[in-house]
Amino acid sequence: MAQEAFPEHEGQVVHGLTKRVLIVHYHEIWLKGGNKKFFLSRLIAAVKRSLAGLASQPLEHVADRLLVAVPDESLLPVMVGRLQRVFGIAYIGIASEVPCGMPEIAACACHIMGQKNPRSFAVRAKIADAACGLHSMGLERELGHEILTFLRSKGSDVRVNLEDPEVTCWVEVIPGKALVYAERAEGAGGLPAATGGRLVMLLSGGFDSGVAAYKMMRRSAHLIFVHFYGSTSASRGSSKPVAERIVRTLTPYQYTSRLYLIPFDSVQRQIVAGARESLRVLLYRRMMARIGREICQVERGLGLVTGDSVSQVASQTLHNLAAVDQGIELPIYRPLAGDDKEEILRLARRIGTYTISCEPFEDCCPRFMPRSPAIFSNPEELGAAEKGLDIEGLVTEGLEGAQVMDFKYESGQIEVCEGTPHRFEKLVQHRKALRAGIPQPPAPVVKP
Ligand code: ATP
Ligand code: MG
């Protein structure tokens, strides 16, 4: 908006020259007692990391909010976009900084609200500087009056609506300055990334598991991804690049990721050849969990995560989930257990995994799908069905074929490298030697 559009305030603030600031507010960290310092330090580190290459001034931590100076207006969308991927942030105020005086605040607020030209508005003020001489209610009233007069002088029939305003003008007064804004970007919420320990995520190429991963990362878990793939068909490509793209999309939330790609064709064929047809999918899932458990040991993880949603399909009835879990001896987290597909898809769209999962790919689980899958299985039935299978051999076979990829997010880019971690190689060697009948000392127990 041109300066001459609000002559009443001319000369007091030239909006285009006011300092643009992003105000990062956190929420749940507030509830932390003695650990607040730890979580805050991790949040600050995450904010700095996410803005690498963009922010030119040091981050300020003032009165329980973080302030990020915007060096150039054109960088604003990308800075906000990156901050929206930082877990622990409740919301981001896209503000202008002005000196802490009523005329300066009013000029800035009128300019911002003039651009918005709302039919109704409210003013909300937070005073985090006891020495500034302003009080929130007085400031809200006075500023509301200034804005109303200003907008009406421009021919608007705007009204104040404190209950449900079309636009809210926020003012935050902190020591030495005031921050004024009418735009907020939702933060991702949750707790700072990777502050809660590691989990192994069983990641398919479908919609659900990417969303489940996001939900657990948001609750501070650092995820190691494991994807099982089968052979491809003439009409559909491999699921490997799909899983890889999902991991790429999720990595900015936790900065580094590891993906284990496990060939599953041979394991599936042996299950098909040796076990009851109606139990196939459950037996695939149990094998996935067993292989995931070995990787969890090597990676010092504390449990598995899946994208199961209760009763979504036959393999996810409460009976079948309980049967699959029996004997895994690790917590298995299912963050989508109570979610409907619609809710899951909405989140998949928001985090960017939806379009990736829409692509056609060869999913290993529907292969050799039983005509009539079991709905109410139990651990004993699965145990009996596995009698004819060389379970340990199948686990080793899966692990032997693993390909491992490491992803790193830095300055808005993802770097990828391949290579097998030393501890994982040792595990595979150990299992292979056992299989060949060479006596081995027990594998060392790795503590998380
Ligand atoms: P969708 O149901 O949207 O196709 P999904 O990820 O839930 O996607 P399901 O077939 O419902 O796929 O599988 C249930 C869960 O089992 C998955 O969420 C995932 O945790 C695990 N899973 C299934 N297939 C694989 C796979 N190929 N690799 C790793 N985990 C898998
Ligand atoms: Mg599913």
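Here's the yes/no breakdown for (1) away from ligand 2 (no atom under 16 Å from the Cβ); (2) of a type in the set (D, E, K, R):
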| site | (1), (2) |
| --- | --- |
| Q312 | no, no |
| Q316 | no, no |
| E329 | yes, yes |
| I344 | no, no |
| L347 | no, no |
| T355 | yes, no |
| P360 | yes, no |
> Restricting the search to segment 1-35, which residues are of a type in the set (A, V, I, L, M, F, W, C) and at pLDDT 50 or above?
Replying inline: L17, V21, L22, I23, V24, I29, W30, L31
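Taking segment 196-210, which residues are within 8 Å of ligand 2 (Cβ to nearest atom) and over 19 Å from L345 (Cα atoms)?
Residues satisfying the conditions do not exist here.
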> Does any residue of segment 357-376 turn out to be among the charged types (D, E, K, R) and part of a helix (DSSP H, G or I)?
Replying inline: no
> In segment 245-289, what residues are among the hydroxyl-bearing types (S, T, Y) and within 16 Å of ligand 2 (Cβ to nearest atom)?
Replying inline: Y284
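Residues that are surrounded by fewer than 13 Cβ atoms within 10 Å (Cβ to Cβ) and outside the structural domain of G53 (by TED's automatic domain parsing): does segment 401-409 have at least one?
No; the residues of segment 401-409 include none that is surrounded by fewer than 13 Cβ atoms within 10 Å (Cβ to Cβ) and outside the structural domain of G53 (by TED's automatic domain parsing).
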>> For K341, only one of the following conditions fails: (1) closer than 22 Å to G401 by Cβ; (2) within 14 Å of ligand 1 (Cβ to nearest atom). What is its number?
In response: (1)
>> Going through V267, V310, V272, V247 one at a time, which residue ends up being within 21 Å of F407 (Cα to Cα), away from ligand 1 (no atom under 11 Å from the Cβ) and assigned by TED's automatic domain parsing to the domain that holds M369?
In response: V247
> Which of the residues spanning segment 313-330 are more than 8 Å from ligand 1 (Cβ to nearest atom) and within 13 Å of V281 (Cβ to Cβ)?
Replying inline: A314, T317, N320, L321, A323, V324
>> As an exercise: evaluate L321 against (1) within 28 Å of P263 (Cβ to Cβ); (2) among the aliphatic types (A, V, I, L, M); (3) out of contact with any strand residue (DSSP E or B) (no Cβ under 9 Å at 6 or more places or on another chain) and give the number of the one condition it does not meet.
In response: (3)
>> Being surrounded by fewer than 15 Cβ atoms within 10 Å (Cβ to Cβ) and either without any contact (Cβ under 8 Å) to a residue 40 or more places away in the chain or within 22 Å of L179 (Cβ to Cβ) (or both) is the filter here; which residues of segment 29-44 pass it?
In response: W30, L31, K32, G33, G34, N35, K36, K37, S41
> Pick from segment 292-307 the residues that are surrounded by 24 or more Cβ atoms within 10 Å (Cβ to Cβ) and of a type in the set (G, A, S): which of them is nearest to ligand 1 (Cβ to nearest atom)?
Replying inline: G307
>> I'm told H61 meets every condition in (1) free of Cβ contacts under 8 Å to residues at least 40 places away in the same chain; (2) farther than 18 Å from H27 by Cβ except one. Can you identify the failing condition by its number?
In response: (2)
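Can you tell me which residue among R350, R334 is surrounded by fewer than 17 Cβ atoms within 10 Å (Cβ to Cβ) and within 26 Å of L199 (Cα to Cα)? I'd like the intermediate steps shown before the answer.
Details: R334 fails: surrounded by fewer than 17 Cβ atoms within 10 Å (Cβ to Cβ).
Selected residue: R350, the only one of R350, R334 that is surrounded by fewer than 17 Cβ atoms within 10 Å (Cβ to Cβ) and within 26 Å of L199 (Cα to Cα).
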>> Quick check on my filter: what residues within segment 232-266 are β-branched (V, I, T) and either at pLDDT below 95 or closer than 18 Å to F207 by Cβ (or both)?
In response: T232, V242, I246, V247, T249
> Of these, Q312, Q297, which one is within 20 Å of S372 (Cβ to Cβ), within 25 Å of the chain's Cα centre (by Cα) and not charged (D, E, K, R)?
Replying inline: Q312
>> Can you confirm whether S220 is assigned by TED's automatic domain parsing to the domain that holds H111, in contact (Cβ under 8 Å) with a residue 12 or more places away in the chain, more than 16 Å from ligand 1 (Cβ to nearest atom) and of a type outside the set (D, E, K, R)?
In response: no
> Just to be sure, is I328 closer than 30 Å to V428 by Cβ and either more than 26 Å from the chain's Cα centre (by Cα) or without any contact (Cβ under 8 Å) to a residue 60 or more places away in the chain (or both)?
Replying inline: yes
> If we keep just the residues of segment 58-79 that are more than 19 Å from A45 (Cβ to Cβ) and out of contact with any Gly (no Cβ under 9 Å at 6 or more places or on another chain), which is surrounded by the fewest Cβ atoms within 10 Å (Cβ to Cβ)?
Replying inline: S74
>> Take the conditions charged (D, E, K, R) and in contact with a Gly (Cβ under 9 Å, 6 or more places away or on another chain) and apply them to E97. Does it pass?
In response: no
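The values are calculated or read from the model by the stated rules, or taken from the named source; none is laboratory data. In this text, all values refer to a predicted model and were calculated from it rather than measured experimentally. All Cβ positions, even for glycine, are placed from backbone atoms using ideal geometry, and neighbour counts span all protein chains on display.
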